[in-house]
Amino acid sequence: MASLIVFSTFLVLFALRVPVTTAIGVGCVAALLAGGGSLQEIPRHMMGGIESFILLAIPFFVLAGNLFNAGGATARLFSFCEVVFGRMPGGLAQVSVAANVVFSGMSGAALADLAGLGTMTVKAMREAGYRERFAAAVALASSVLGPIIPPSIMFVIYAASTSTSIGRLFMAGVGAGLVIALILMAYIAIVVLAGWEPCPPARRHTLKDAARQTWMALPALLAPVVILGAMRAGAVTATEAGVLAVFYAVVLGAIYRGFTRHNLKTALVSSTVMSASILYLIAISGVMGHILTADRVAHAAAEAMTSITTNPLVGMLILNVAMLVIGCVLETTPALLITAPILTPIAAAYGVDPVHFGIIMCLNLIIGIVHPPMGIGLFVMSSVTRVSMEEMTRATLPFLIPLLLSLLVITYVPAISMWLPDLVFGKTK
């Protein structure tokens with residue numbers, strides 16, 4: 001009964017455009033009052049929701065991503081990727097995907113990629129003669145890699161919500177992210193070679209220029225290696241890896257001399273606001289989690305799903321469709337906090353490893369930034385380019401083809417996600 005009150009209140013307020021955090025909070029208050037509970041439970045469970053060492057990684061990774069942007073690492077990475085991938089069919093569109101693969105290993109957030117690397121790639125493609133709406137669509141679709149290739153803020157939230165190993169999640173994201181990137185690059189090549197999208201001739205680079213760009217980008221290219229290597233060696237935990245990422249970002253900023261008083265202040269303020277928003281959302285979701293646990297919602301949902309079908313293939317297809325719908329209407333962080341504790345036991349009932357399901361869930365929800373009605377990525381790209389929301393939506397929708405194909409491949413080929421964590425940490429029993 002209490003859970004029904006929480007969800008119904010939340011949905012009504014959300015439909016009235018009340019902020020998500022307020023809608024969840026009011027729903028929890030209504031459920032506790034209706035059930036005769038004490039409102040003193042709210043601050044207690046809010047504190048319990050964020051009393052997790054692993055959540056300290058969130059502000060560090062957010063800050064690291066902003067510092068990498070401010071310090072000049074983003075520009076060097078783009079120049080390096082242009083030299084290496086610019087001659088492929090699609091030219092700078094392929095560079096956009098490749099640069100996101102590298103930068104994802106430092107930022108951990110899709111919007112950080114859009115704000116920094118995305119803006120840069122759109123500008124470069126526009127100046128090279130690409131259609132701006134196609135350039136913006138490529139940048140938006142490529143930003144999906146941000147939360148999948150480690151480090152990932154979404155993985156940290158999922159791990160804290162479901163008691164899943166963050167180390168295994170980070171390693172699982174490597175294989176999944178590379179598959180998504182390859183499918184996106186193949187799609188771009190097909191579109192260009194078929195003549196569906198005009199592509200200017202690629203810029204030629206001399207060997208000397210290539211060597212210079214590689215040397216300039218080398219410190220930035222080593223960032224993912226340093227962060228993940230330190231975790232693999234057991235030198236740092238996932239949380240400490242966030243501290244290491246911030247330290248490395250500061251070192252890069254000093255090497256590239258990219259920091260100014262203005263961009264450093266902007267990075268610090270933006271990181272503070274984003275981190276506070278995420279952590280407050282996690283805290284208030286802790287109250288909702290307590291109510292759902294008391295009502296055994298996850299157990300009931302698992303039983304209901306297995307009563308519909310016991311076939312894992314069909315069951316996972318239903319879950320994917322449900323998560324895609326949720327991602328259409330709800331922002332990624334609240335969607336993850338609300339659904340992860342409920343859907344993970346259902347996936348477990350179908351024999352899906354929690355680490356594998358974490359990859360599937362995060363990819364489903366992050367695809368939501370690409371398409372309406374929420375599509376926050378559409379709004380961001382429309383605001384930083386000269387492309388209207390209507391044109392932005394039409395240009396981006398075709399990229400759902402490779403993204404959804406990637407989702408199906410990752411869902412039904414578990415080895416893509418699980419081979420690296422099993423290799424590094426050993427298979428789970």
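Numerical summary
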read-out: Size of charge dipole - the chain - debye, nearest 20, with Cβ of Lys, Arg +1 and Asp, Glu -1, no other charges; value: 1060 debye
read-out: Virtual spin-label span in nm between residue 194 and residue 415, 7 Å along Cα→Cβ; value: 2.9 nm
read-out: Options 395, 35, 103, ranked by Cα towards positive dipole end of the chain, top entry (Cβ charges); value: 103
read-out: Dipole-positive endmost among 365, 140, 333 within the stretch 40-425 (Cβ charges, Cα centre); value: 140
read-out: Most mobile listed residue (97, 62, 273) in the chain, GNM with C-alpha springs under 10 Å; value: 273
read-out: Cα lying deepest toward the dipole's positive end in the chain, options 290, 190, 5, charges on Cβ; value: 190
read-out: Label-to-label distance, nm, for residues given as residue 41 and residue 313 (7 Å Cα→Cβ offset); value: 4.4 nm
read-out: Two-site FRET efficiency, residue 232 against residue 182, from Cβ-Cβ distance with R₀ of 30 Å, rounded to 0.05; value: 0.85
read-out: Packing-based exposure ordering (other Cβ within 10 Å, fewest first) of 28, 199, 362; value: 199, 362, 28
read-out: Packing rank of 341-351, 240-250, where each peptide gets the mean count of other beta carbons within 10 Å, highest leading; value: 240-250, 341-351
read-out: The stretch 115-177 and the stretch 255-314: distance between their alpha carbon centers, rounded to Å; value: 17 Å
read-out: Contour minus Cα-Cα distance for residue 303 and residue 34 (0.36 nm per residue); value: 94.2 nm
read-out: Computed [θ] at 222 nm, deg cm²/dmol, the chain (DSSP H ≥ 4; -39,500 (n - 2.57); rounded to nearest 500); value: -25000 deg cm²/dmol
read-out: Peptide ranges 140-150, 14-24 listed from the most packed, as the mean C-beta count within 10 angstrom indicates; value: 140-150, 14-24
read-out: Cut-off 14 Å between beta-carbons: net charge of the residues surrounding residue 171, Lys and Arg +1, Asp and Glu -1; value: +1
read-out: Relative contact order for the chain, counting Cα pairs under 8 Å that sit 6 or more residues apart, in percent; value: 25 percent
read-out: Extension gain from residue 51 to residue 225, taking 0.36 nm per residue of separation minus the Cα-Cα distance; value: 59.7 nm
read-out: Those residues of the stretch 17-49 whose amide nitrogen sits under 16 Å from the label point placed on residue 279, 7 Å along Cα→Cβ; value: 46-49
read-out: Hull volume in cubic angstrom per residue (convex hull over the Cα atoms of the chain); value: 142 Å³
read-out: Shape of the stretch 44-100, Cα gyration tensor, a/c cut at 1.5; value: prolate
read-out: Tilt relative to the chain, helix 153-162 - C-alpha long axis, 0 to 90 degrees, to 10; value: 20 degrees
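Computed from the coordinates by the stated procedures, all read-outs in this text should not be read as laboratory data. Here the structure is a predicted model, which means the values were calculated and not measured. Reconstructed Cβ throughout: ideal geometry from the backbone, glycine too, with neighbour counts over all protein chains shown.
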